[in-house]
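Notes to accompany the following structure.
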Amino acid sequence: MAKLKIRDKKVKIAITKDKKKKDKADPEAVPELPAEYSSPTRDEEHSDSRDVSQSSDSERSCEINEVEENDLHHPAEESDSSEDEVAPRNTIGDVPLEWYKDEEHIGYDIAGRKIKKHARKDKIESFLAGVDDSKNWRKIYDEYNDEEVELTKKEMKLIKRLLQGSTPHTEVDPYAPYVDWFDWEDKGHPLSNAPEPKRRFIPSKWEHKKVVKYIRAIRKGWIKFEKPEEEPRHYLLWGDDSTSAESKRQGLKYIPAPKPKLAGHEESYNPSLEYIPTQEEINSYQLMYEEDRPKFIPKRYESLRNVPAYENALKEGFDRCLDLYLCPRTRKKRINIDPESLKPKLPSRKDLKPYPSKCYLEYLGHSGPVKSVSVEISGQWLASGSTDGTIRLWEVETGRCLKVWEVGQPVNHVAWNPLPQLPILAASAGHDVLLLDTGLGDAEEQHRITELLHVEESASTDDRDLVSWAREEMYGGIRLKHTKAVANVEWHRKGDYFTTFSRDTKAVLLHQLSKKQTHNPFKKLRGLAVSAVFHPTRSIFFISTKNHIRIYDLLKSKLINKLETGLQEVSSVAVHPGGDNLIVGSKEGKMCWFDMDLSSRPYKILKTHPKDITNVAFHRSYPLFASSSEDCTAYVFHGMVYSDLNQNPLIVPLEILRGHASSKYGGVLDCKFHPRQPWLFTAGADSVIKLYCH
């Protein structure tokens, strides 16, 4: 059928008693049907159709009965609304009719002529036309072709069956008898009722043996698969020799030779006048260097017969052969990238404040190079050790020297106890480690310190041949006597354990202050120890050798990780307060940042100092870390570690701190951060301790 759009206007038809009797007598007749009614006028013209009186509806029903009766005896002409018989008059396809709303036509016919719109009737004319025409209720309006279509008897039957939920065609039997295609005669048991055998769920052992036999034959070469070499059926008709040679070549990739430059206008035998140089230009060529002179000077000849032989033809051909034979060729890929875009986008230094930038205070008093400094946990006191054999206690804010201990040997390292209620200072001097009472606590703290620093002469140790505990008579502390020179002293976070090691032996010792005991749990250490530190929050211990950093679990007493630095020689190690990152300084001026959750290799390698790095340090609360070097400088960096594991740490260089004088003993020997403020202490070989503030 043609594309029709039926209006949403339903007209109810009253069926009289005579019509009902006729329906019982003739079942083929068309009964009452809610037809789709629409007038050829606009949508607004149909709004008053509901005001028709009941008397007019009864008269119309009588006329409908007469029309249907005539249709039963005299078949009416078939409408041309069927899509199979007559094609639609409008040829615009699926174009919306709204596009022709303001036009005088609604489309084009098959000949390309415009289809004019019909005149619209008003409401009165539409009503009168419906009253006069008895078949008006069977007419519908086709907007697509702008015409009225009258439904036939056959179409009315189809609509009726569809509204009743039946099939459109009467010849279709929805309850056809079922045809059993399976043959059930002379069958003992149905196939679907047989139980599944067990062999269907168990792999076949015979197939397994057969497969193993074939695998063994293939591995031993008894069965060989020969694939015939098929010659390519297609080839590049206009391809160059380099493409074909590259596909056949085995080994290195073939690189075609560069093509010689093609001849231009200046090589013509009769070039234009602008290509011919003047005599002055030819004379100027003689003043140029040989490599800058033009290789060919164009000349003009009247005809091609007057052109002489080219003088350098044989020489240039020979040079070309030498270039192809002797000159190696490499393929270079040039990428046009802006160098500025390769630089990482770092935040401004103003946004990363505060950080130490200026020298605020100097601590003077040592006569030799200051090798180590340590800040008390409260940030009020500073301890320093020097090669002049003294340990000094300073007040941080004023720079006043509060106390001096004359040790008599060069002091290599000093470290405060991390507990604020135990102001005990540990210092390594020569072969001994001194545990000194600074006297800074109150009476109760002093009483506890006195008990901790009391040691019997017969203190038991697990390694008597390495360490012996003895009382320090001069300063009222404890002296741990080692067999070799002690290089470093580091405290555990709980303040009861501390570690010492010597760079002459592989022994890294753990000492317990409360029980006066010494242990050597790392007897199978490979290489000499360079640095040893405790984890800030967990029972993990870091031992650094010249090339590697080994991480041990103290509770399980086993190696859990090994970091590869890739450096020539490690000089110092510092662990981030979070515990998942650490920095390593080397004697070649490089500093490595390790993300232990990411990899065992460095996340970043920073080439900062031109000389050896003496120490590296993290700040306890601020995202800062620093490094000191023998070039008399200290570098301050911003190092932000995020809690999101998918985000990498942010490392930004901030400041280069200068001020120490160079000497034969080195430059800056140590650096430490203030525990609460963004301040940095540096100890130099010029016997000066400097405090840098923001």
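The values are calculated or read from the model by the stated rules, or taken from the named source; none is laboratory data. Since this is a predicted model, take the numbers as computed values, not measurements. Note: ideal-geometry Cβ built from the backbone for every residue, glycine included; neighbour counts use all protein chains shown. Just the protein is used for accessible areas: all its heavy atoms, side chains included, with ligands, DNA and RNA removed. Shrake-Rupley method; radii C 1.70, N 1.55, O 1.52, S 1.80 Å.
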Once the principal axes of the Cα atoms of the range 521-620 are found, what is the range along each, listed largest first in whole angstroms? 41, 29, 22
Could you give P(r) for the range 114-183, binned at 5 Å from zero, as whole percent values over all Cα-Cα pairs? 3, 11, 13, 16, 13, 11, 9, 7, 4, 3, 3, 3, 2, 1, 0
Quick one: check the C-alpha center-to-center distance for the range 87-122 versus the range 356-373, whole angstrom. 98
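Where in the range 392-426 are there chymotrypsin sites (Phe, Trp or Tyr not before Pro) that are in a DSSP coil and have at most 15 other Cβ atoms within 10 angstrom of their Cβ?
Here no loop site has a sparse enough neighbourhood.
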With the dipole of the range 250-379 defined by +1 on each Lys or Arg Cβ and -1 on each Asp or Glu Cβ, the option from ILE335, ILE282, LEU361 whose Cα lies farthest towards the positive pole is LEU361
Ordered by number, the trypsin sites (Lys or Arg not before Pro) in the range 341-427 that occupy a DSSP loop and have at most 15 other Cβ atoms within 10 Å are LYS345, ARG400
Cα-only radius of gyration and Dmax that characterise the range 279-424, units Å: 39.4, 111
Size descriptor, Kirkwood hydrodynamic radius, that averages inverse alpha-carbon separations across the range 350-458, Å: 15.1
Apply the Debye scattering formula to the range 308-369, with a single equal point scatterer on each alpha-carbon and no solvent, then give log10 I(q)/I(0) at q = 0.18, 0.20 Å⁻¹. -0.93, -0.97
Please work out, to two decimal places, the log10 of the ratio I(q)/I(0) at q = 0.15, 0.20, 0.22, 0.27 Å⁻¹ from a Debye calculation in which every Cα of the range 97-151 carries one identical scatterer. -0.55, -0.85, -0.94, -1.10
What does the accessible area of THR167 come to, in Å² to the nearest 10, when a probe of 1.4 Å is used? 40
Subset of LYS506/LYS607; LYS403/LYS672; LYS350/LYS690; LYS484/LYS523; LYS481/LYS590; LYS353/LYS664 violating a 27 Å alpha-carbon distance limit: LYS506/LYS607; LYS481/LYS590; LYS353/LYS664
With +1 at each Lys and Arg Cβ and -1 at each Asp and Glu Cβ, the charge dipole magnitude of the range 629-694 around its Cα centre, to the nearest 20 debye, comes out at 200
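Between SER514 and LYS350, what FRET efficiency follows from the Cβ-Cβ distance if R0 is 60 Å, with the result rounded to 0.05?
My answer for the efficiency is 0.80.
With +1 on each Lys and Arg Cβ and -1 on each Asp and Glu Cβ, how big is the dipole of the range 479-637 about its Cα centre, in debye rounded to the nearest 20?
I would put it at about 740 debye.
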With +1 at each Lys and Arg Cβ and -1 at each Asp and Glu Cβ, the charge dipole magnitude of the range 97-151 around its Cα centre, to the nearest 20 debye, comes out at 60
Hull surface over four for the Cα convex hull of the range 410-537, reported in nm², is 7.8
Hey, could you grab the Kirkwood Rh for the range 352-693? Inverse mean 1/r over distinct alpha carbon pairs, Å, one decimal. 20.2
Accessible-area order (highest first, 1.4 angstrom probe) of the listed residues TYR497, TYR301, TYR355: TYR497, TYR301, TYR355
Report the normalised scattering of the range 572-677 as log10 I(q)/I(0) at q = 0.10, 0.20 Å⁻¹, calculated by the Debye formula with identical scatterers on the alpha carbons. -0.27, -1.01
With every protein chain kept in place and a 1.4 Å probe, the residues GLU229, GLU280 fall, from largest accessible area down, as GLU229, GLU280
